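To start, the structure itself, in structure tokens.
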Amino acid sequence: MTEAPLHLLKMAVGIADLDELHRVRAARQKERGGNWVYTRNHPRRAEAVLAGGSIYWVIRGQIRVRQRVTGFHSERDENGRAYCLIEVDPGLVPTLLRPWRPFQGWRYLTPADAPPDDRQPGRDGAGAPPPERMLAELRALGLL
């Protein structure tokens, strides 16, 4: 029996909302010719993440979106310091909101703690979704 994939969790520092993350990630992909996330530490459990895991982005205290992890590349900078490039799929998949406190670097996220993808009507182009603040309030009230 195969285990469920392990995920990564990272703060989207300086990002105000999902639209801004889309713009920033698209600009970085165009600038770099690829899609990756820079981090100082290479995950020790990389194999479990590569078994179908994603990097979940925390924006303003909420897990909001994920990107599928497709690879890890260990490198060294000009001063000899090690770093890791986490290769990610270009697609951003919105998730249901999940509060998360600030942290530095990245964290592992178990499948049980990962929020499900947002399958809200309207996100597939059939119309504009309700404002996120309203969705959060409805979820807090147990109405969604």
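The values are calculated or read from the model by the stated rules, or taken from the named source; none is laboratory data. Model, not experiment: these values are computed from the prediction. So basically every Cβ, Gly included, is an ideal-geometry build from the backbone, and we count neighbours across all protein chains shown. Ligands, DNA and RNA are stripped out before the accessible areas are found, and what is left, the full protein with its side chains, is counted by its heavy atoms. Shrake-Rupley method; radii C 1.70, N 1.55, O 1.52, S 1.80 Å.
Observations on the structure shown:
- Scan segment 15-32 for residues that are open to solvent by less than 70 Å² (accessible area, probe 1.4 Å) and either over 14 Å from the mean Cα position of the chain (by Cα) or not charged (D, E, K, R) (or both) and the total you get is 7.
- Counting the residues of segment 105-124 that are open to solvent by less than 70 Å² (accessible area, probe 1.4 Å), out of contact with any Pro (no Cβ under 7 Å at 6 or more places or on another chain) and modelled with pLDDT under 90 gives 1.
- Residue pairs meeting the criteria (Cβ under 6 Å; at least 6 apart or on separate chains; first part of a loop (DSSP other than H, G, I, E, B), in segment 48-72; second surrounded by 21 or more Cβ atoms within 10 Å (Cβ to Cβ) and at pLDDT 95 or above): Gly53/Leu6; Gly53/His7; Gly53/Val69
- Screening Arg60 on (1) at negative phi; (2) of a type outside the set (Phe, Trp, Tyr); (3) under 14 Å from the mean Cα position of the chain (by Cα) shows it passes everything except condition (1).
- Out of Gly53, Gly61, one residue alone is in contact with a Pro (Cβ under 7 Å, 6 or more places away or on another chain) and loosely packed, with under 14 Cβ neighbours inside 10 Å. It is Gly61.
- Residue satisfying condition, being touching a strand residue (DSSP E or B) at 6+ places or on another chain (Cβ under 7 Å), β-branched (Val, Ile, Thr) and closer than 26 Å to Arg133 by Cα, within set Val24, Val93, Val69: Val93
- Taking segment 33-45 as the range and being in contact (Cβ under 8 Å) with a residue 12 or more places away in the chain and either over 9 Å from Leu6 (Cβ atoms) or surrounded by 21 or more Cβ atoms within 10 Å (Cβ to Cβ) (or both) as the test, the residues that pass are Gly34, Asn35, Trp36, Val37, Tyr38, Thr39, Arg40, Asn41, His42.
- Test set (1) at pLDDT 80 or above; (2) exposed (fewer than 11 other Cβ atoms within 10 Å of the Cβ) - Ala128 fails condition number: (1)
- Taken over segment 88-104, the criterion of being surrounded by 11 or more Cβ atoms within 10 Å (Cβ to Cβ) and in contact (Cβ under 8 Å) with a residue 60 or more places away in the chain is satisfied by Pro90, Leu92, Pro94, Trp100, Phe103.
- Yes/no for Ala82 being at pLDDT below 95 and under 21 Å from Asp17 (Cα atoms): no
- Filter result for Arg44 (out of contact with any Ser or Thr (no Cβ under 7 Å at 6 or more places or on another chain) and charged (D, E, K, R)): yes
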